[in-house]
1. Over the chain, calculate the relative contact order: mean separation of alpha carbon pairs under 8 Å at least 6 apart, over the residue count, as a percent.
2. For the stretch 342-394, report the accessible area per residue in Å² (1.4 Å probe, heavy atoms, rounded to an integer).
3. Apply the Karplus curve 6.51 cos²θ - 1.76 cosθ + 1.60, θ = phi - 60°, to the phi angles in the stretch 38-43 and return the couplings in whole Hz, x for Gly and Pro.
4. Quick query: amide H of G430 versus all other amide H atoms, modeled in the peptide plane; which residues come in under 5 Å with a sequence gap of 5 or more or a different chain?
5. For the stretch 80-223, what relative contact order do you get, as a whole percent, if you take Cα pairs closer than 8 Å and at least 6 residues apart?
6. Where does the stretch 184-275 land on Rg(C-alpha)/(2.2 N^0.38 Å)?
7. Please provide three numbers in whole Å: the alpha-carbon extents of the stretch 1-147 along the principal axes, with the largest listed first.
8. For a quick protection proxy, order the peptides 392-402, 159-169, 100-110, 268-278 by their average other-Cβ count within 10 Å, most packed first.
Amino acid sequence: MSDLMEKRLVRKIDRHIMPWVIVAYLLNYLDRTNLGNARTLNNDKPGESLVETLKLAGDRYNLIVAIFFIPYVIFEFPSNIALKYFTPSKWIARIMVSWGIVTICTAAVSSYWGLLICRIFLGICEAGFFPGVMMYLCFWYTPSERGTRMAIFSASIAVAGAFGGLIATGVSFMSGMASLYGWQWLFVLEGIPAVIVGVLIYFFLPDYPETARFLTEEERIFASERMGPFAPKGTDKHFDKADFIATLKSWHFWIFSLQYFLMTNSLNAFGYFAPTIISAMGFKGYKAQLLTVPPNAFAFFVIIGNSWWSDRRKERPRHIIGGLILVAIGYVLLATVKGVGGRYVGTCLIACTNAAVIPFIAYRTATVAGATSTAIATGAMIAIANCAGIVAPYLFRSKDAPHYYPGLWTLFAMLGASVVLTGVLWYKLGSSSEYRLPAKDQSEDVVLNSVPLANEGFETEDREKDNKAVAVQDVDISLREAR
């Protein structure tokens, strides 16, 4: 099939997949982080805010945020294995419907302990959504196509942040209607769409290229074969114990996990505390909610732009480092500038953390092969990284208000460490976005999708430096010739 026909096929896949995952993640992030908007909602009206009605004084809010991530991390680890068995459409639909129901039920809580329990159940229900979608995209897109798609998918975080601010602004005027506070209306109105979209995804989300009904028979064959020998397959439903162990034992699994943990602290800091940071600048009520919109809108374009350029250049580390430096500058501005304007610019910059995260995840998915390795590399890495959700809330303690200097400098140091780890991965794995090849000193009897091929002995590649990067199709041919 020609390049032109392949482009048409990819656009066809985009039309049938991307709208579903974009809307789903927008709702996911909206429901997970609406607590940040709920905290400051109607705080200009005595007795109507979440903090006052549920008595969230001191660091109680921090615990409410952190408790979500304990079950979230525990249940996220095996979720991608379950996705293999139940198929993506059924598993993602189950996650969405269950978290939507819990979000709606949150409106009924009347005490601090009730909210705590709801957050625990929300963590159980939402676990596995993000790594599940990351793995799902690996079934459909080649490594050099993933960065842009993952960026479009993840940029819905920025859209969710912007919509969240607008919705919260509108909901603030509903406080008192039907004897509900504004924060209760927020949970109800943001939970219902998740249930509806979850049901639709169950029936309409395509599972794998091999079974896609919107493709012709010829297109299904090509859509599967163009992925090459390393990509996970929908037909690969068995659990490969050797592959599982090899993935966990590989050095780069732990480097990637540590680095993602460091970056996730910044993601959670903005997601849960952006309204608080803006409120600390002197803005209250609906104005504080509205001012969360521009940083998210700015981040939307930066995230997609950096990830698209990374795909186009077929390069990852430079784009990761560029994104990290941009966000780090934001924390410096927040920590050193006294004026509201400079601090607000800093808030816009820290909203762009996903500009580094998305090329990073795309980089990671090209270092493993097969369904089991991909499931563990994404699921386990993201589960470990989400331990940051337990740490991040305590970087913004009430006693450090209104400037939160200790937390800001800690996050700056974490991003600096991420830059160093990116350099290590760059040195060891090269900068190409393509799947890595086995080192030349490995055995010549290489079997496709074997553990050594997927996880060890990578040969450093960089198309720009030495033009040695090889397309997946060429790898297949060369291996056959070697035999």
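1. Rounded, it is 22 percent for the chain.
2. 11 Å²
3. Computed from phi, the couplings for the stretch 38-43 are 4, 4, 9, 5, 6, 6 Hz.
4. Amide H to amide H, under 5 Å and 5 or more residues apart or across chains, G430 pairs with E461.
5. 41 percent
6. Dividing the Cα Rg of the stretch 184-275 by 2.2 N^0.38 Å gives 1.63.
7. Projected onto its principal axes, the Cα set of the stretch 1-147 covers 66, 32, 23 Å.
8. Output ranking for 392-402, 159-169, 100-110, 268-278: 268-278, 159-169, 100-110, 392-402.
The values are calculated or read from the model by the stated rules, or taken from the named source; none is laboratory data. Computed from a prediction, not measured in an experiment: that's the story for all the values here. Ideal geometry is used to build each Cβ from the backbone, glycine not excepted, and the neighbour counts take in all protein chains shown. The area values use the complete protein model at the heavy-atom level, side chains included, leaving out ligands, DNA and RNA. Shrake-Rupley method; radii C 1.70, N 1.55, O 1.52, S 1.80 Å.
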